[in-house]
Structure formats: C-alpha cells, structure tokens
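Worksheet for the structure shown next.
The values are calculated or read from the model by the stated rules, or taken from the named source; none is laboratory data. Quantities reported herein were computed from a predicted structural model and do not represent experimental measurements. A quick note on method: Cβ atoms are made from the backbone with ideal geometry, for glycine too, and the neighbour counts reach across all protein chains shown. Accessible surface is based on the protein model in full, side chains and every heavy atom, while ligands, DNA and RNA are left aside. Shrake-Rupley method; radii C 1.70, N 1.55, O 1.52, S 1.80 Å.
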Amino acid sequence: MSYRKFRADHLFTGHEWLNDEFVLVTGQRGEIVDILPVSEAGEDIAFFSGILSPGFINCHCHLELSHMKGVIPEKTGMVDFLIRVIQQRNFDSATIKQAIANAESSMLENGIVAVGDICNTADTIDVKKAGRLHYHNFSEAIGFSEATAPQRFEAALTVYDQFARLYRMPAESNSIVPHAPYSVSPRLFQLITRFAGNHLLTIHNQESEAENEFVEKGTGDFHRLFKALNIDISGYKPYAQRSIQSYLTHFLPTQSVILVHNAHTSKDDLEFIAHCPLPIANLYFCLCPNANEYIGNPLPNIDLLREYQAPITIGTDSLASNHQLSILAELHTIHRQYPHIVLSELLTWATINGARALELDNLLGSFEPGKQPGVLVINEPLTQVTRLI
Ligand SMILES: [Zn+2]
C-alpha cells in the first residue's frame, strides 16, 4: 500500500492540537492510517504552513436555492426575506440546475465534505447522484392550517421518496422535517415525527424575535407574512410560551434534532430544555451567523449556549441569504464577535460536532484510523482553506 504523508505548523485532529512534530498518514484515497511522530514517519512528507484539519461539515444548507444568490437585498428583516424567497424562487429549470452544480463545486473547494440539506423539491437530485459530497436530505414540510396537514405531509413525502431511491438504507440519509414553529400545525408535526424511520430531524428555531412574539402572543410582524401569502390565521391560538417551548415536546425522546439559527434562544429556553421531563436524545444547535447578518437578525448568544454546554455545529444556510457556502467564512464571523472563543473550539464545531449531528462520525469529522474525513489546510488568520484530499 502506498501512503500519503502530511505535516504542518499545527495539526487539529478533530479533538485536539498536535504540533509540527506529528505527521498525518493516509492511504491514497484519504483513509486515515495513523498519526506518527516525525521521527517514525519515514520519507516523502509534504509540509504545509497553517493548520491541517479534517473536512468541514455543513449542517444546514438549501442547495436548491443557489440560483437566488444576490436576488434578495441584505437586511430586509425576517418577514420580507421569507416573502421574497417564496415569491421570487421560481426560475427556469436550467438556471436552477446550473446554480446547484456551481454551488456544490464551491462547497467542495471550501473544504466541505458533508451537508445537511433542506429540500422542498428534488432539484438537487442530479448532483447528489454523482456522490461528490455526503448528504443528509431533509425533505421539508410546511403547512399552517390543520385541515391541509395530510396533503402537506404527502407533498414532503413525494420529495422524500425521490431522494430515498438513491440510497440502499433510505432512512440513514433522509428524513421528513418541519420547516419552523410558526409554519407547521400541531397535526402536521404529529405526522412528521411519527413517520417511520424518521430519527434525525431539524427545524429552523428562533431565527427572529418576531417568531417568538407570534408563537407566544399571536401578535407582531408575522401577520404581514401570512397576509402576503393569503393564509387565514383567524383561528390561530397563540401558545403563551416562547417558540421552542411550544413545540419541542412534539419530537420523540428517541429522535435527534438539529435546531438551526437560535438567534433568539434565551436563558429561559435553555433552562426549559435542561429540565424537559422527556429530553430529546441528541439536541444540536446549528449556527448560521452569516445568514443572520445578511437577513438582519442578530447572532445567537453563543456564550450562553456554551454556558449550557449546548453541542454547537455550523451551517451556511442558502445562497439566498449568504454570499458564499463556506464554513470557514462562518467561523470567521463568529471569531469577529467572539474573539475569546479559541480556535480549537470553533474547529470542533465545524468538524466532529457536525459529523455527530449528521450521524456520519463513523466516517467523518476527525483523523482516526479507518475514517475518510477529507484533509484540509487552513491558513492562520482563517481566511483561506485548501483541500488536500
Ligand atoms: Zn434555512
């Protein structure tokens, strides 16, 4: 067997730092063989300046919206952003497919090896068939009205089925998921969480304060959204609870859930989660800071999440609300606002935590023998990443 050997100023294994005295040894296709002291690694060692890291995991994307890059201006606020996505997402099929292919290539170049991808259509199926990246396909159900819950579920199931056919074990890489607390009725929630094989789910959580207000009190800017979409909310009964507290118990304790955004998740919410009588087996908090900034939402209170030892992962969201699909760019934004968070913690979120959240940590997320996590070299000011494998 012929080996490839990598050495750099620093080596981040997914769990810890090693210095330039250690060499990462892989097979030709990037399968991890060992990490050895340089004195035992032999010859033909390639040296890089910067940090060697396992490939990045993007826990939240909407690859199918890639054609919307630059379509929606920045800082519109949540409601206008949502209205524009719904009203302006229809382009011709060739444009949509080309944008998807280009966006996937850019993720590969940016060192991303796996993606948790929200799907409202099967537009991304052709690029996914090629198998250049690992995907978990989250077929998304949206439906405010109780009466139409079965039809809305069927629509998501149709998308799910198209992706499921690509996999020998469909439930390992596919789920049906709720869009957001304000857009999914309790009946639709029940259909989603009881769907056979649905064990890894995700939901947009507390992306805006308007969401907390609408769910708790039934007031605020979300009225404009429902009016623009011609949705009758006259029968809506607010929950008298903050958003996450109103819906979390719909999930089953055996399910894993990736909560996305968390820009307005409070201490009270984290206390609620900590004392939930039937806690969810695995709860992850995915941060998409560049999308928050693009839309005009604040970044989450990341120190508060850390205080509660919330497992954090990173997502790019879509090109409708981001200038690029780059996990490194997301880390850079976090570093700007939270300079006291050390680099190893940021990289842990971007690698092993993301792999665990997408249930791909048997293969990705760290340099451990037998895994094939990709090998990146990152420069020290966190501005550039080069994919070595
Ligand atoms: Zn999203």
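Quick notes
- Note on the stretch 281-291: among residues that are aliphatic (A, V, I, L, M) and surrounded by fewer than 19 Cβ atoms within 10 Å (Cβ to Cβ), the one that is farthest from the ligand (Cβ to nearest atom) is Ala281.
- Restricting the stretch 210-228 to residues that are open to solvent by 50 Å² or more (accessible area, probe 1.4 Å) and outside any helix (DSSP H, G or I) leaves a set whose member that is nearest to Val79 (Cα to Cα) is Asp221.
- Criterion violated by Gly370 - all others in (1) of a type in the set (Gly, Ala, Ser); (2) open to solvent by 10 Å² or more (accessible area, probe 1.4 Å); (3) under 17 Å from the mean Cα position of the chain (by Cα) satisfied: (3)
- Selection count where residues are charged (D, E, K, R) and assigned to a strand (DSSP E or B), scope the stretch 1-35: 5
- The one condition in (1) crowded, with 17+ Cβ neighbours inside 10 Å; (2) of a type outside the set (A, V, I, L, M); (3) away from the ligand (no atom under 16 Å from the Cβ) that His15 fails to fulfil: (1)
- Just one of the listed residues (Ile142, Ile231) is within 16 Å of the ligand (Cβ to nearest atom) and open to solvent by 50 Å² or more (accessible area, probe 1.4 Å), and it is Ile142.
- Restricted to the stretch 294-321, and to residues there that are within 16 Å of the ligand (Cβ to nearest atom) and without any contact (Cβ under 8 Å) to a residue 60 or more places away in the chain, the residue that is most open to solvent (accessible area, probe 1.4 Å) is Leu299.
- Filtering Ser243, Ser266 for residues that are surrounded by 13 or more Cβ atoms within 10 Å (Cβ to Cβ) and within 16 Å of the ligand (Cβ to nearest atom) leaves a single hit, Ser243.
- Residues located in the stretch 66-95, provided they are open to solvent by 70 Å² or more (accessible area, probe 1.4 Å) and assigned to a loop (DSSP other than H, G, I, E, B): Lys69, Glu74, Lys75, Asn90, Phe91, Asp92
- Which listed residue, of Ile203, Ile273, is in contact (Cβ under 8 Å) with a residue 24 or more places away in the chain, aliphatic (A, V, I, L, M) and within 16 Å of the ligand (Cβ to nearest atom): Ile203
- First in the stretch 217-230 and free of Cβ contacts under 8 Å to residues at least 40 places away in the same chain and on the phi > 0 side of the Ramachandran plot, second anywhere and in a helix (DSSP H, G or I) and open to solvent by less than 50 Å² (accessible area, probe 1.4 Å), Cβ under 6 Å, 6 or more apart: Gly220/Ala210; Gly220/Phe214
- Filtered residues of the stretch 328-365 (kept if assigned to a loop (DSSP other than H, G, I, E, B), within 17 Å of Ala310 (Cα to Cα) and open to solvent by less than 10 Å² (accessible area, probe 1.4 Å)): Ile341, Leu358
- Evaluation of Val85 against the conditions (1) at pLDDT 95 or above; (2) within 16 Å of the ligand (Cβ to nearest atom) shows that the sole unmet condition is (1).
- Long-range neighbours under 7 Å by Cβ, at least six apart or interchain, first residue of a type in the set (Lys, Arg) and outside any loop (DSSP other than H, G, I, E, B) within the stretch 247-270, second away from the ligand (no atom under 16 Å from the Cβ) and open to solvent by 10 Å² or more (accessible area, probe 1.4 Å): Lys267/Leu304
- The residue pairs whose first member lies in the stretch 114-143 and is touching a residue at least 24 places away in the same chain (Cβ under 8 Å) and among the basic types (Lys, Arg), whose second member is in a loop (DSSP other than H, G, I, E, B) and surrounded by fewer than 24 Cβ atoms within 10 Å (Cβ to Cβ), and whose beta carbons are closer than 8 Å, counting only pairs six or more residues apart or on different chains, are Lys128/Leu166; Lys129/Leu166.
- Flag for Ser49 being of a type in the set (S, T, N, Q), surrounded by fewer than 17 Cβ atoms within 10 Å (Cβ to Cβ), away from the ligand (no atom under 16 Å from the Cβ) and in a strand (DSSP E or B): yes
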